[in-house]
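Have a look at the structure below before the remarks.
Quick note: the coordinates plus some simple rules give every number you see, no bench work behind them. Since the structure is predicted, the reported quantities are computational estimates derived from the model, not experimental observations. Cβ: placed from backbone, ideal geometry, glycine included. Neighbour counts: every protein chain shown.
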Amino acid sequence: VNMSDKEKDKRTFKEKKASVIRQIITSVSISGTVFALSYLYLPINTSGLTELPDRLALTICCLFVSSFSIIMGVHAVGNVRGNTNAIDPVYGGAENLVDVPNRILRNTTEQFFLHMMAMLTLTVFLQGSSMRAIPILCGVFLVARIVYQVGYMSSPMKRGYGFAGTFLPTLSVYAYCIYCILQKIVF
């Protein structure tokens with residue numbers, strides 16, 4: 001008999017919040033370190049990408065890899081539907097079984113859209129040699145989404161690390177792009 005997470009997790013709100021904050025801090029530390037070390041030491045040569053169409057082509061290919069996170073989410077929902085009464089979404093009486101996989105898929109789709117917009121906009125502002133940031137950010141995104149899905153499926157309170165690993169880098173790119181846009185407009 002499976003007990004719900006409410007029955008399993010008897011921690012107070014304050015304890016749960018502290019746990020999520022620890023996950024976020026760990027994610028920022030690890031993701032930031034992985035990005036920095038990858039940027040400095042991985043042999044990714046993008047210096048020949050001097051024209052915007054070439055840079056966009058690389059970014060689109062990297063986003064294709066990032067989109068595997070959505071395929072994973074669709075697979076998780078399909079796996080539950082295909083193996084339970086949730087196979088009939090109207091009369092099966094088991095929609096609750098796909099609640100968590102649907103939440104993961106919805107959040108992953110939302111995160112991917114923001115990530116995609118950030119990567120495409122960033123591509124406009126990066127020069128060839130700096131473009132190595134794009135495959136690294138896309139790799140970090142995909143790995144963090146895998147961690148998010150695995151964590152969330154094991155317990156919804158374990159989703160913080162993966163969420164922060166995708167959302168915070170995307171927010172950082174948004175901030176940088178806003179800065180670049182303002183520089184072009186104002187200065």
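I'd like the full set of residues that are over 17 Å from the mean Cα position of the chain (by Cα) and among the hydroxyl-bearing types (S, T, Y), limited to segment 86-120.
Y91 - this is the single residue of segment 86-120 that is over 17 Å from the mean Cα position of the chain (by Cα) and among the hydroxyl-bearing types (S, T, Y).
For segment 87-103, the criterion of being surrounded by 12 or more Cβ atoms within 10 Å (Cβ to Cβ), in contact (Cβ under 8 Å) with a residue 12 or more places away in the chain and in contact with an Asp or Glu (Cβ under 7 Å, 6 or more places away or on another chain) is satisfied by no residue at all.
Examine segment 57-71 for a residue that is outside any helix (DSSP H, G or I), out of contact with any strand residue (DSSP E or B) (no Cβ under 8 Å at 6 or more places or on another chain), free of Cβ contacts under 8 Å to residues at least 12 places away in the same chain and surrounded by 14 or more Cβ atoms within 10 Å (Cβ to Cβ), and state whether such a residue exists.
no
Does segment 133-148 contain any residue that is over 20 Å from T33 (Cβ atoms), assigned to a helix (DSSP H, G or I), of a type outside the set (A, V, I, L, M) and over 11 Å from the mean Cα position of the chain (by Cα)? Scanning segment 133-148, I find no residue that is over 20 Å from T33 (Cβ atoms), assigned to a helix (DSSP H, G or I), of a type outside the set (A, V, I, L, M) and over 11 Å from the mean Cα position of the chain (by Cα), so the answer is no.
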